[in-house]
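Participant: Before I ask anything, here is the structure I am working with.
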Amino acid sequence: MEKKRVVIVGGGAGGIILANSLNQKDFDVTILDKSDTQVFQPAFLYAAFMGKEVPTKKIPKLIKKGIKFKLDPVKKVDLTNKKVFTEGGEYAYDYIVVATGTMSDASTVSGLKEIDDKYGDYHTSIENAQRVWKNLNSFKGGTIVLGQASPICKCPPSPIEGVLLTEMLINRRKLKDRTKLVFFTPYPRAYSAEPINNVVEPIMKERGIQIMTFFDLDHIDANTLYSLEGDQIKFDLPIIIPPFKGAKIDYEPKTVLDDDRFIKTDKFNMRIQGFDDAFAIGDATNIPTSKAGVGAHLEAKIVANILQGKEDKFDGRTNCPFDLGYGKGTFVIGSYDQPVVPYPPSRLNHFEKMMMEKIYWSSLKGTFDFIFNLYFRHTDPIKLNKKFSK
Amino acid sequence: MSMEENKIFVDSRGSSCPGPIVDLAKAYRNSKVGDTIEIWATDKGIKNDVTAWAQKTGNQVLSIEDQPDKVVVIIKILKR
Ligand SMILES: Cc1cc2nc3c(=O)[nH]c(=O)nc-3n(C[C@H](O)[C@H](O)[C@H](O)COP(=O)(O)OP(=O)(O)OC[C@H]3O[C@@H](n4cnc5c(N)ncnc54)[C@H](O)[C@@H]3O)c2cc1C
């Protein structure tokens, strides 16, 4: 039998895990990416608020022998004719998996581009995260405002993690009495899912963080944020998470993209709407779960199983570590049919988040699959909800 | 001024995190005055959230219907 050609667009967390999970006896695997380097994005948080290094690795070092990697930006995916068009040429496929993540687009909010260029952010690049760290260190007092500029945020705990780590830094720099910390969000409460909000909102309030809910950023002008709902916040130092969209790639048919360029994907079998031979995983999809590495990981495994003839179905599992500052943490754990668990904060949770950084690169190769499987079973949301939900 | 009035449909079933309120906020952002937004959700929290949201934003909840397998909410956009 001839090998099936699998083209994976995007060599981020999802794309690499998928490539490494396919058996090369049956599949000829090619990864296309516009960059040859993978950045460990969760570390942007610690670069911006603690001045730490962001680990990076070359993609060819992360993939198993036999997998082809091409540094070649993708411009168009023709699902009807099973072809991918890149800057360098074209690739025909038997199966395609799109794992292009998100891209930020500050230009969609008037005034945000200038703010982002000047003050940076902690979601888009190492340089931007370092800019946040620099600004926080030269800050002498005033109002710091932090929040997400659009309803979609990669890694939903990250806005609150950012404001809690800012508080910790300001406190350690003894600037607390000269600083007002304002957190804004388009949702009715600090964290969108209520059970975990009940865990984190009291902590934010206790640390003196002012929370502006229903604040959907409309525009920024003269050091003031204005919301669609008609409120305003004046600031001295802004830390704003830009809006996220899908990658700038054309699709045939165009109808597989939603208004924000995310790919309309079946939330159980990860197939792109209307196609049996095309899949999307990770942040690039429109499925109703958090945009997080854990999802990209689990979805990659689902697609690998389906391609290799095993029946499988994604259950919408999320499992996002949540840093609460001062060495404590919680987790956001839920699934399609289980509400998020009100998981109590602990030092162990924080330790697990720090461990994630240590094992990340080897986990891409599948080295720790059995530990992950054990861990996911151990933290099953049905079990945890029985224990922690009232 | 003539504006085409749209019906926006949002299937938020199965969303527990980040939750249906995120899908509502997203639909609101992409809407125009006169549009209606219909949301399907399995997370019952949507009922309180949508009421609070409409009050804050000055929009109108046309109906909230509890069905056996989901909640169906219909909203009319009066303000943007
Ligand atoms: C501050 C922060 C904290 C986070 N914390 C956590 C956490 O604690 N836990 C967690 O699970 N997740 C966390 N995440 C989220 C996690 O990093 C992402 O969800 C994950 O990387 C998504 O994987 P992906 O494969 O879908 O996309 P990505 O890893 O973003 O990869 C997408 C790839 O596609 C490529 N690409 C894009 N466009 C093109 C094109 N046109 N042609 C070719 N290639 C293209 C890109 O170059 C990139 O390599 C965090 C993210 C941030 C920003």
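Participant: Past the 24 Å Cα-Cα mark, which pairs from A:Lys180/A:Lys205; A:Lys118/A:Lys358; A:Lys64/A:Lys358; A:Lys34/A:Lys83?
Facilitator: A:Lys118/A:Lys358, as the Cα separations exceed 24 Å there.
Participant: Counting pairwise Cα distances across the range A:114-159, what percent come out greater than 14 angstrom?
Facilitator: 55 percent
Participant: Based on the mean of other beta carbon atoms within 10 Å per residue, what is the order of A:234-241, B:31-38, A:334-341, B:44-51, most packed first?
Facilitator: Averaged packing, sorted descending, gives the order A:334-341, A:234-241, B:44-51, B:31-38.
Participant: Also: Taking the Cα centre of the range A:299-390 as origin and charging only Cβ (+1 Lys, Arg; -1 Asp, Glu), how large is the dipole, in debye to the nearest 20?
Facilitator: 340 debye
Participant: While we're looking at this one, here's another question. With springs connecting C-alpha atoms under 10 Å apart, model chain A as a Gaussian network and identify which of A:Arg172, A:Arg207, A:Arg317 has the largest mean-square fluctuation.
Facilitator: Taking springs between Cα atoms under 10 Å, the residue moving most is A:Arg172.
Participant: For the protein assembly as shown, give the magnitude of the charge dipole about the Cα centre (Cβ charges: +1 Lys/Arg, -1 Asp/Glu; no others), in debye to the nearest 20.
Facilitator: Charge dipole, the protein assembly as shown, about its Cα centre: 1500 debye, nearest 20.
Participant: If packing is taken as the average number of other Cβ atoms within 10 Å across a peptide's residues, how do A:154-165, A:117-128 rank, most packed first?
Facilitator: For the peptides A:154-165, A:117-128, the packing ranking is A:154-165, A:117-128.
Participant: Two decimals is fine: what's Rg over Rh for the range A:107-244, C-alpha atoms, Kirkwood radius as Rh?
Facilitator: 0.93
Participant: Counting alpha carbon pairs within less than 8 Å and at least 6 residues apart, what relative contact order, in whole percent, applies to the range A:236-390?
Facilitator: That works out to 13 percent.
Participant: Follow-up question, since we're still on this one. Once Lys and Arg get +1 and Asp and Glu get -1 on their Cβ, which of A:Val77, A:Gly11, A:Ala280 lies farthest toward the positive end of the dipole of chain A?
Facilitator: Ranked along the dipole, the leading option is A:Gly11.
Participant: Here is a further query. Give me the percent of accessible area attributable to carbon and sulfur for the protein assembly as shown, probe 1.4 angstrom.
Facilitator: 51 percent
Participant: Further question on the same structure: Obtain the radius of gyration and the Kirkwood radius of the range A:293-390 from its C-alpha atoms and give Rg over Rh.
Facilitator: Here Rg/Rh amounts to 0.99.
Participant: What residues of the range A:268-291 lose no less than 40 Å² of accessible area with every protein chain in place versus their chain by itself (probe 1.4 Å, heavy atoms only)?
Facilitator: At a threshold of 40 Å² (probe 1.4 Å), the residues of the range A:268-291 that become less exposed are A:Pro288.
Participant: Between chains B and A, what is the buried accessible area in Å², counting both sides, with a 1.4 Å probe and ligands, DNA and RNA left out, to the nearest 100?
Facilitator: Summing both chains' loss of accessible area gives about 2100 Å².
Participant: Give the aspartates and glutamates whose C-alpha is closer than 17 Å to that of A:Lys3, dropping any in the same chain fewer than 8 places away, or say none.
Facilitator: A:Asp26, A:Asp28, A:Asp94, A:Asp277
Participant: Per-residue Cβ counts within 10 Å, from other chains only, averaged over B:23-33: what number is that?
Facilitator: Values: counts 5, 4, 11, 8, 2, 5, 12, 4, 0, 0, 0.
Mean shielding by partner chains, rounded to a whole number: 5.
Participant: Give me a single rounded figure for A:169-180: the average over its residues of other chain Cβ atoms within 10 Å of their Cβ.
Facilitator: Taking the mean over all residues of the peptide, I get 0.
Participant: In a Debye calculation with equal point scatterers on the alpha-carbon sites of chain A and no solvent, what is log10 I(q)/I(0) at q = 0.12 Å⁻¹?
Facilitator: Once normalised to I(0) and log-transformed, intensities are -0.95.
Participant: Can you give the percent of C-alpha pairs in chain B whose distance is more than 21 Å?
Facilitator: The calculated P(r) of chain B puts 20 percent of pairs beyond 21 Å.
Participant: Past the 21 Å Cα-Cα mark, which pairs from A:Lys134/B:Lys26; A:Lys267/B:Lys32; A:Lys25/A:Lys267; A:Lys4/A:Lys68; A:Lys25/A:Lys68?
Facilitator: Among A:Lys134/B:Lys26; A:Lys267/B:Lys32; A:Lys25/A:Lys267; A:Lys4/A:Lys68; A:Lys25/A:Lys68, the Cα-Cα distance tops 21 Å for A:Lys134/B:Lys26; A:Lys267/B:Lys32; A:Lys25/A:Lys267.
Participant: Sorting check: for B:73-79, A:137-143, A:293-299, which peptide has the highest mean count of neighbouring beta carbons within 10 Å, and how do the rest follow?
Facilitator: Packing order, densest peptide first, comes out as A:293-299, B:73-79, A:137-143.
Participant: Counting only other chains, and only Cβ atoms inside 10 Å, what mean value do you get across the residues of A:187-198?
Facilitator: 5
Participant: With every protein chain kept in place and ligands, DNA and RNA left out, what is the accessible area per residue of chain B? Probe 1.4 Å, answer in Å².
Facilitator: 49 Å²
Participant: So, with +1 on the Cβ of K and R and -1 on the Cβ of D and E, and no other charges, what is the size of the charge dipole of the range A:181-249 about its Cα centre, to the nearest 20 debye?
Facilitator: The calculation lands at about 260 debye.
The values are calculated or read from the model by the stated rules, or taken from the named source; none is laboratory data. Just so you know, these numbers come straight off a predicted model, no measurement behind them. All Cβ positions, even for glycine, are placed from backbone atoms using ideal geometry, and neighbour counts span all protein chains on display. Note: areas computed on protein heavy atoms with side chains; ligands, DNA, RNA excluded. Shrake-Rupley method; radii C 1.70, N 1.55, O 1.52, S 1.80 Å.
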